[in-house]
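The values are calculated or read from the model by the stated rules, or taken from the named source; none is laboratory data. From a predicted model like this one, the values you see are computed outputs, not experimental measurements. Note that each Cβ is placed from the backbone with ideal geometry, even for glycine, and that neighbours are counted across all protein chains shown. Surface areas here come from the heavy atoms of the whole protein model, side chains and all, with no ligands, DNA or RNA. Shrake-Rupley method; radii C 1.70, N 1.55, O 1.52, S 1.80 Å.
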Amino acid sequence: ADALFFELRPPEELAESRSPRAANAPATPTLFGYLQPPWEIGETWAGGGAHSNAHNSLDFWGRWVPWGGDTSPYWVAAMQSGTARVWSSCGMAIVHPNGWVTDYYHLDNIQVADRTLVQRNDRIANYADNEAQATCAGGWSSGPHVHMSVSYDGDPVSVDKNNLDFTAFSHNEGVGDYDTDCNTSWYNHYTVGKICPNFDQLLNDAPSVLPMFTDGFESGNATLWSSTIP
């Protein structure tokens, strides 16, 4: 709801049951080597600066084109396996089996049905080539791109390098929304090096098979997860 600029108004009894995280509750876990960038392996895109709630969102695009340009070559891909939730013709999420959720907005030509399983790196949509489609559920967009956001257990999680990465690179969240000053906001690509926002140099060279790892959510009782692209 936050990602799509909606306000939830649940019944009072439901609102009371979804109280803020208790003071003694465990902190949001970190997540590394689990999510890939939201486009296909082998492709090179560009990214902007962090924004939205808790800086949990980034914008990505292939080659920059204006409204009305051809976005059909640019496929948004699942960042990790999970269950698709399709909210509208321009927005969907993938619920991953470890409590994390990735959201995708400003879409068109969605390829997956609601509540179906998707695999990491599957094509899920193009990003929209016109503003009306890109903002079919509200909000705004300055041009064709995918708006991606990350949350855990219903709470937005900053996309800063200290919290999570995208297997191929991490992001320094910078200062304020949409920070594109390369002195404060940048991408640290693990094979290419430092890349400034808005430069189309973000190669998705995540491996097709990720190693097994523990989720780190419960000490002494960790669950093993793996991701394999068929």
Exercise. Of the residues that make up the range 95-108, is at least one among the hydrophobic types (A, V, I, L, M, F, W, C), open to solvent by 30 Å² or more (accessible area, probe 1.4 Å) and assigned to a loop (DSSP other than H, G, I, E, B)?
Worked result: no
Exercise. Is one or more of the residues making up the range 60-77 open to solvent by less than 10 Å² (accessible area, probe 1.4 Å), aromatic (Phe, Trp, Tyr) and on the phi < 0 side of the Ramachandran plot?
Worked result: yes
Problem set entry | Within the range 20-52, considering residues that are open to solvent by 70 Å² or more (accessible area, probe 1.4 Å) and over 16 Å from the mean Cα position of the chain (by Cα), the one modelled with the highest pLDDT | Glu43
Exercise. Just a yes or no: is a residue in the range 210-229 open to solvent by less than 80 Å² (accessible area, probe 1.4 Å) and modelled with pLDDT of 50 or more?
Worked result: yes
Exercise. Within the range 75-96, is even one residue under 20 Å from the mean Cα position of the chain (by Cα) and at pLDDT below 95?
Worked result: no
Problem set entry | Residue among Ser141, Ser149 that is within 15 Å of Asp59 (Cα to Cα), in contact with a strand residue (DSSP E or B) (Cβ under 9 Å, 6 or more places away or on another chain) and without any contact (Cβ under 8 Å) to a residue 40 or more places away in the chain | Ser141
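Rundown of residues vs (1) more than 20 Å from Ile41 (Cβ to Cβ); (2) modelled with pLDDT of 95 or more; (3) crowded, with 20+ Cβ neighbours inside 10 Å, yes/no style:
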site	(1), (2), (3)
His145	no, yes, yes
Ser158	yes, yes, no
Asp165	no, yes, yes
Asp179	yes, yes, yes
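In the range 113-124, is there at least one residue being part of a helix (DSSP H, G or I) and modelled with pLDDT of 95 or more?
Applying the first criterion (part of a helix (DSSP H, G or I)) to the range 113-124 yields none.
No - not one qualifying residue is present in the range 113-124.
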Seminar exercise, completed: Checked pairs for the range 31-47, first farther than 14 Å from Gln201 by Cα and part of a strand (DSSP E or B), second of a type in the set (Gly, Ala, Ser) and open to solvent by 10 Å² or more (accessible area, probe 1.4 Å), C-beta under 9 Å and 6 or more apart or across chains, list as Leu31/Gly216
Exercise. In the range 182-209, which residue that is outside any strand (DSSP E or B) and of a type in the set (S, T, N, Q) is modelled with the lowest pLDDT?
Worked result: Ser208
For this session: Identify the single condition in (1) under 25 Å from Asp205 (Cβ atoms); (2) touching a Ser or Thr at 6+ places or on another chain (Cβ under 6 Å); (3) open to solvent by 40 Å² or more (accessible area, probe 1.4 Å); (4) of a type in the set (D, E, K, R) that Arg120 does not satisfy, given that it satisfies every other one.
Result: (3)
